[in-house]
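Just so you know, all these numbers are worked out from the coordinates, no wet-lab data involved. Every value quoted in this text rests on a predicted model; they were computed, and no experiment measured them. Cβ atoms come from the backbone with ideal geometry, glycine included; neighbour counts cover every protein chain shown.
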């Protein structure tokens, strides 16, 4: 690949969460930009670019070949993490899919609970369901941040398994470790939750109280 790969802010934030020296598995890789970018910069010694569909995987394979990274990045057809062995990756990126699907992929992986594994997740929708899954199943959120990309606001979450189930209330499932009173982008992301809850409240008034609690969290925390 003659030109440099440029990641958008969403993938760049995912990349910033990856630990230096870790072997990477990018689940749902599409064009394989992220694993190539990380290996080219020496952040990761090796990477697997995995996708469930042959067509996006072929695009990823072309990216890898044109970048001259075939010796370090492997394109692999995989349903979630089912075709990736435990010793092949340390950090796993699951970006660009719904929060429910991310939770299901992790829950289906037999070695995901190994404490040395780290999951970097960027849910496109239903982040509250993903955070609920993490809290109720013994996962610790180590880091969370937000970014703007293409006029939309996204959150990225890094977590690993500790076995300790956190008894957070429903508010935490929407806020996670974000600090909306200190960070405008965090506030914008949570405002998106508030707007959706207000729409749901038209059919079910119970959502209005949660929207109000989120507004108070943004204003007074």
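Summary of computed values
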read-out	value
Mean separation of Cα contacts under 8 Å (6+ apart) over length of region 178-221, as relative contact order %	45 percent
Globularity ratio of region 1-93, using Cα Rg and 2.2 N^0.38 Å	0.95
Highest-MSF residue in the chain out of 111, 161, 174 [GNM, Cα springs under 10 Å]	111
DSSP beta bridges in the chain [antiparallel fraction, %, rounded to 5]	40 percent
Distance from region 7-43 to region 89-139 (C-alpha centre basis), Å	16 Å
Region 178-221: C-alpha pair distances exceeding 15 Å, %	37 percent
Alpha-carbon gyration tensor eigenvalues x 5, square-rooted, for region 110-221, Å	25, 16, 13
81, 124, 97, 69 arranged by Cβ crowding within 10 Å, fewest neighbours leading	124, 97, 69, 81
Sequence of 36, 185 once ranked by neighbouring C-beta atoms within 10 Å, starting from the fewest	185, 36
Sites residue 55 and residue 86, calculated FRET efficiency, Cβ-Cβ separation with R0 35 Å, nearest 0.05	0.80
Sum of -39500 (n - 2.57) over DSSP H runs of 4+, divided by residues of the chain (222 nm, nearest 500)	-12000 deg cm²/dmol
Sorted by Cβ neighbour density within 10 Å, fewest at the top, the residues 177, 82	82, 177
Over region 91-221, relative contact order from alpha-carbon pairs under 8 Å, at least 6 apart, %	21 percent
The chain: angle of helix 206-220 to the longest principal axis, Cα-based, in degrees nearest 10	80 degrees
Whole-Å semi-axes of the ellipsoid equivalent to region 59-135 (Cα gyration tensor, √5λ, descending)	25, 16, 10
Reference-scaled alpha-carbon Rg (2.2 N^0.38 Å with N residues) for the chain	1.05
